[in-house]
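Engineer: My questions will all concern the structure given below.
The values are calculated or read from the model by the stated rules, or taken from the named source; none is laboratory data. Keep in mind that this is a model prediction, so the values were computed, not measured. Here the Cβ positions follow ideal geometry from the backbone for every residue, glycine too, while neighbour counts run over all protein chains shown.
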Amino acid sequence: MPRTTAVECPGCPPLRALSFDILGLVKVIEARRKQGGVPKVVERWGDPDSSKCVLAASIDDRETNPVFSLSLPPLSPIPLCVCPTVRLFLLAVARKNGLVSLVPMTEKGYKDSCFFHSRSQFVEGLSPVSGELCFSISDTDAGTSPQDDPIIGLHLFKRNRSDSPSRSCTLLACMTKGKASLRTVEISKNGSASCATKEAWSVCSSGSICCSKVNGDESHSVFGGKGVELNMWDLEKTSKIWNARSPPKDSLGIFTPTWFTSVTFLSKDDHRKVVAGTNNHQVRLYDISAQGRPVLSVDFRETPIKAVAEDSDGYTIYCGSGSGDLSSIDIRTGKLLGCFIGKCSGSIRSISRHPEHSVIASCGLDSYVRFWDTKSRQLLSAVFLKQHLTNVIFDSKFSDEEIAPTATDEVQNEVHNEQQSEGEPEAADEEPPVKTKRKKASKEKSSGAKKLKHKKKKAKKVEASVEDDTLDYENE
């Protein structure tokens with residue numbers, strides 16, 4: 001199958017998306033009106049490293065009541081007092097090596113990173129080279145490495161919990177072996193940070209967790225996986241409130257093993273209805289107020305369901321399969337509304353719905369981030385990113401308007417210009433190479449003109465001699 005397909009794409013509305021891949025790279029994709037709606041990669045964060053493969057990501061992009069504000073350290077050596085206080089958006093990224101990175105971002109895309117391990121308890125120090133806050137690893141389970149028990153679920157809370165300081169953020173992390181924890185990261189005024197565990201519990205006694213999801217009001221979370229039935233927890237009390245039951249045997253008496261690959265809530269305002277994708281190509285609807293077994297089950301293609309996402313209407317579900325098929329399902333009736341035009345070349349690993357525009361983004365093992373129109377189910381645009389992708393999320397507060405330069409930008413530009421002027425040699429010591437080139441060019445032109453005149457003279461002499469010969473022959 002060819003890597004690319006020649007299709008006509010109408011372009012995207014103004015948006016910003018962040019993609020994550022198996023080499024730990026975070027790439028920022030933006031589509032603007034002045035560019036014709038064509039999405040392009042505008043930033044790339046990190047260095048390629050397979051041990052930093054991104055397993056999960058979460059963003060806090062709320063517009064009001066930010067978690068905290070910090071004075072961004074400038075790119076050049078300027079005192080921190082010069083930099084104004086700006087509002088930050090937080091991005092949390094969980095990696096294969098057990099590290100969780102917090103990336104503060106501004107409206108202009110500036111970023112900084114602080115790293116901490118999911119089992120850490122204190123700050124180790126501040127790196128003077130990269131400006132990254134490095135948290136030490138404190139493993140409570142002897143002999144357990146991050147590769148043996150990686151982080152499979154991560155959620156960055158968009159609201160401060162009642163017992164959290166104002167300048168802090170709360171994270172929910174879940175490991176593959178079922179250990180879930182609520183952790184608080186406190187940010188001091190001087191830019192240092194510390195991580196503390198608030199609650200820790202186990203969501204399963206056996207099996208492995210493959211998916212987790214937090215509902216819209218961030219009060220409940222659901223977990224599921226291989227050999228683990230769906231179970232829902234109250235995050236305020238850290239207590240289990242519901243556990244799914246295994247479906248009955250089929251007509252042939254065959255029992256299907258439990259294996260959930262993806263899960264989401266049907267509506268952001270209602271935590272009682274959950275939609276899950278399974279390894280045996282089924283999309284199931286659960287209602288915790290009705291029963292433990294699925295209310296509805298829909299078969300889709302013949303490959304495992306790798307990603308599911310809900311629509312804002314409260315009944316449409318988008319699902320992606322391991323063979324690259326993407327479709328929308330009316331979960332009220334189980335009817336397949338239609339497949340999206342243009343099959344992906346690899347397994348789909350993540351689907352994200354834009355909160356404002358009628359656009360969804362999908363990514364997977366074919367290294368493409370594709371943007372689709374939810375109404376017409378047509379491909380709007382695609383971006384090739386070279387590596388296998390694991391996740392894609394939208395920045396809902398992205399603005400297409402030009403942002404005026406701040407005082408920090410002006411100071412940074414002045415210092416940058418001064419550094420350039422100091423590094424450049426004086427104009428008097430330099431030789432003008434352009435004039436030399438022009439002289440050479442003029443010499444070449446004059447020599448060429450002389451040769452051409454010489455050839456013309458020779459041609460005239462030859463013509464004259466031929467005319468003389470003809471006259472002599474006529475006279476004879």
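Engineer: Quick one: count up the residues across segment 294-324 that are surrounded by 21 or more Cβ atoms within 10 Å (Cβ to Cβ) and either over 28 Å from the mean Cα position of the chain (by Cα) or not in a strand (DSSP E or B) (or both). Reasoning before the result, please.
Structural biologist: Taking segment 294-324 as the starting set, the residues that turn out to be surrounded by 21 or more Cβ atoms within 10 Å (Cβ to Cβ) are 294, 298, 305-308, 310, 317-322, 324.
Subsequent filtering for residues that are either over 28 Å from the mean Cα position of the chain (by Cα) or not in a strand (DSSP E or B) (or both) retains 294, 298, 322, 324.
Selection size over segment 294-324: 4.
Engineer: On the given criteria, is Arg377 touching a residue at least 40 places away in the same chain (Cβ under 8 Å), charged (D, E, K, R) and at negative phi?
Structural biologist: No: the conditions fail for Arg377.
Engineer: Looking only at strands (runs of 3 or more DSSP E) that fall completely inside segment 87-199, which ones have 2 or more residues that are buried (at least 16 other Cβ atoms within 10 Å of the Cβ) and modelled with pLDDT of 80 or more?
Structural biologist: Details: elements: 89-95, 99-105, 114-117, 123-126, 133-135, 151-156, 168-175, 179-187.
Qualifying strands (runs of 3 or more DSSP E): 89-95, 99-105, 151-156, 168-175, 179-187.
Engineer: Could you give every pair whose Cβ atoms fall below 9 Å, whose first residue belongs to segment 244-267 and is polar (S, T, N, Q) and modelled with pLDDT under 90, and whose second residue is in a strand (DSSP E or B) and buried (at least 16 other Cβ atoms within 10 Å of the Cβ), counting only separations of at least 6 or pairs across chains?
Structural biologist: As it stands, the answer is Ser246/Glu229; Thr256/Thr278; Thr256/Gln282, since those pairs meet every condition given.
Engineer: Residues that are closer than 23 Å to Leu172 by Cβ, of a type outside the set (S, T, N, Q), assigned to a strand (DSSP E or B) and within 28 Å of the chain's Cα centre (by Cα): does segment 234-256 have at least one?
Structural biologist: No.
Engineer: Further question: Restrict the check to segment 332-342 and report whether at least one residue is without any contact (Cβ under 8 Å) to a residue 12 or more places away in the chain, out of contact with any helix residue (DSSP H, G or I) (no Cβ under 8 Å at 6 or more places or on another chain) and not in a strand (DSSP E or B). Walk me through how you get there before you give the answer.
Structural biologist: First, the residues of segment 332-342 that are without any contact (Cβ under 8 Å) to a residue 12 or more places away in the chain: 333, 335.
Applying the additional criterion that residues be out of contact with any helix residue (DSSP H, G or I) (no Cβ under 8 Å at 6 or more places or on another chain) yields 333, 335.
Remaining after also requiring not in a strand (DSSP E or B): 333.
Scanning segment 332-342 turns up at least one residue that is without any contact (Cβ under 8 Å) to a residue 12 or more places away in the chain, out of contact with any helix residue (DSSP H, G or I) (no Cβ under 8 Å at 6 or more places or on another chain) and not in a strand (DSSP E or B).
Engineer: State yes or no: is Cys204 closer than 16 Å to Gly153 by Cα and part of a strand (DSSP E or B)? Give the steps one after another, and end with the answer.
Structural biologist: Numbers: closer than 16 Å to Gly153 by Cα: yes; part of a strand (DSSP E or B): no.
No: the conditions fail for Cys204.
Engineer: Could you count how many residues in segment 273-293 are under 27 Å from the mean Cα position of the chain (by Cα) and part of a loop (DSSP other than H, G, I, E, B)?
Structural biologist: The total comes to 2.
Engineer: So, of the residues in segment 1-33 that are among the acidic types (Asp, Glu) and modelled with pLDDT of 90 or more, which turns out to be surrounded by the fewest Cβ atoms within 10 Å (Cβ to Cβ)?
Structural biologist: Let us first name the residues in segment 1-33 that are among the acidic types (Asp, Glu), namely 8, 21, 30.
Okay, now just the ones that are also modelled with pLDDT of 90 or more, so 21, 30.
Numbers: Asp21: 22, Glu30: 20.
Among those that are among the acidic types (Asp, Glu) and modelled with pLDDT of 90 or more, it is Glu30.
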